[in-house]
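Notes follow once the structure below has been shown.
The values are calculated or read from the model by the stated rules, or taken from the named source; none is laboratory data. Please read all numbers here as calculations on a predicted model, not as lab measurements. Here the Cβ positions follow ideal geometry from the backbone for every residue, glycine too, while neighbour counts run over all protein chains shown. These area figures cover heavy atoms from the full protein model, side chains too; ligands, DNA and RNA do not enter into them. Shrake-Rupley method; radii C 1.70, N 1.55, O 1.52, S 1.80 Å.
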Amino acid sequence: MKEDRAQLKELIQNSDNIVFFGGAGVSTESGIPDFRSVDGLYNQEYDYPPETILSHSFFQRKPQEFYRFYKNKMICLSAKPNNAHKALARLEQLGKLKAVITQNIDGLHQMAGSKNVLELHGSVHRNYCQRCKKLYDADFILSAKEIPTCECGGRIKPDVVLYEEGLDQHIISEAVRYINQAQVLIIGGTSLNVYPAAGLIDYYKKDKLVLINKDATPMDQRANLLISGKIGEVLSEFT
Ligand code: NAD
């Protein structure tokens, strides 16, 4: 265990072209639940599984129920960056980390100070009217009575990629480019179950793939360095 952490430290010390790719597990230590851990949202009682509620067709058919779940479970404005977010921001400041590629929609990497953040699945902080495109912040969504509605009467939609929706092609190309050029790729806090995001790992061609996760993932055998643990604790040495 200690050896793994020493190896990670050495990899980071010797590289100035690191890319980080992460998911919901990066924010659990900030108090935001993930989907697939034992205490994640899949294991709580709802009328529908999160994947159904957070789908495009559900948003169209049952916006009131969508927003009830979304406001309660996906918007956590009191959450603060943890040691993982802070360490990654610090590594960027030091010129070592080139990009954070995240599946998260919580904005915590930016709050920690990271500048180059590729949000594959959008952000709860951006919301727009589907009719006139006017932008709204997350506070507006939270304080709206049921279905957030624009002053023009249009329905407001979060700028997050719902299930059944495609990813932004420009962001995907940028993510592929960074991963393809990275010397060290650190992946952490993701079950690597959600596609197409999980497929990004295929674009990494070198031999310094670090995987830091609490539970096993389907890609564990591809890691050159596999660290089982909490990502905030593991990266806290670099804060
Ligand atoms: P996931 O829930 O499928 O998997 C999370 C993984 O992180 C699990 O394998 C778990 O073992 C691991 N994990 C949890 N806490 C950890 C910690 N402290 N340290 C290390 N590992 C930890 O998440 P996913 O793969 O990101 O896919 C879920 C989808 O839902 C993504 O699109 C994600 O963006 C979205 N989501 C986002 C948030 C958020 O923005 N914070 C929260 C929940 C879900």
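A quick yes/no check of all residues on (1) away from the ligand (no atom under 15 Å from the Cβ); (2) closer than 18 Å to A197 by Cα:
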{"residue": "P33", "(1), (2)": "no, no"}
{"residue": "S55", "(1), (2)": "no, yes"}
{"residue": "E65", "(1), (2)": "yes, no"}
{"residue": "K71", "(1), (2)": "no, no"}
{"residue": "S78", "(1), (2)": "no, no"}
{"residue": "L88", "(1), (2)": "no, no"}
{"residue": "N104", "(1), (2)": "no, yes"}
{"residue": "L108", "(1), (2)": "no, no"}
{"residue": "V117", "(1), (2)": "no, yes"}
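Among I156, I105, I141, which is the only one that is closer than 23 Å to Q60 by Cα, in the same structural domain as E10 (by TED's automatic domain parsing) and modelled with pLDDT of 95 or more? After applying the criteria, what remains is I105. Restricting the search to the stretch 182-210, which residues are without any contact (Cβ under 8 Å) to a residue 24 or more places away in the chain and part of a loop (DSSP other than H, G, I, E, B)? Across the stretch 182-210, the qualifying residues are Y195, D207.
If you go through the stretch 165-213 and keep only what is in contact with a Phe, Trp or Tyr (Cβ under 9 Å, 6 or more places away or on another chain), over 21 Å from H109 (Cα atoms) and within 16 Å of the ligand (Cβ to nearest atom), you end up with just N193.
Would you mention how many residues in the stretch 8-30 are open to solvent by less than 60 Å² (accessible area, probe 1.4 Å) and more than 6 Å from the ligand (Cβ to nearest atom)? Number satisfying all stated conditions: 12. Scan the stretch 152-162 and give yes if some residue there is within 16 Å of the ligand (Cβ to nearest atom) and either part of a loop (DSSP other than H, G, I, E, B) or without any contact (Cβ under 8 Å) to a residue 12 or more places away in the chain (or both), otherwise no. So far as the stretch 152-162 goes, yes, one or more of its residues are within 16 Å of the ligand (Cβ to nearest atom) and either part of a loop (DSSP other than H, G, I, E, B) or without any contact (Cβ under 8 Å) to a residue 12 or more places away in the chain (or both). Cβ-Cβ distances below 7 Å connect the following pairs, each with a first residue in the stretch 91-108 that is over 17 Å from A24 (Cα atoms), a second residue that is assigned to a loop (DSSP other than H, G, I, E, B) and within 16 Å of the ligand (Cβ to nearest atom), and a separation of six or more residues or different chains: E92/S114.
When K230 is tested against (1) over 16 Å from the mean Cα position of the chain (by Cα); (2) within 9 Å of the ligand (Cβ to nearest atom); (3) open to solvent by 30 Å² or more (accessible area, probe 1.4 Å), exactly one condition is not met: (1).
For A216, indicate whether it is outside the structural domain of S27 (by TED's automatic domain parsing) and within 13 Å of the ligand (Cβ to nearest atom). For A216, the condition - outside the structural domain of S27 (by TED's automatic domain parsing) and within 13 Å of the ligand (Cβ to nearest atom) - is not met.
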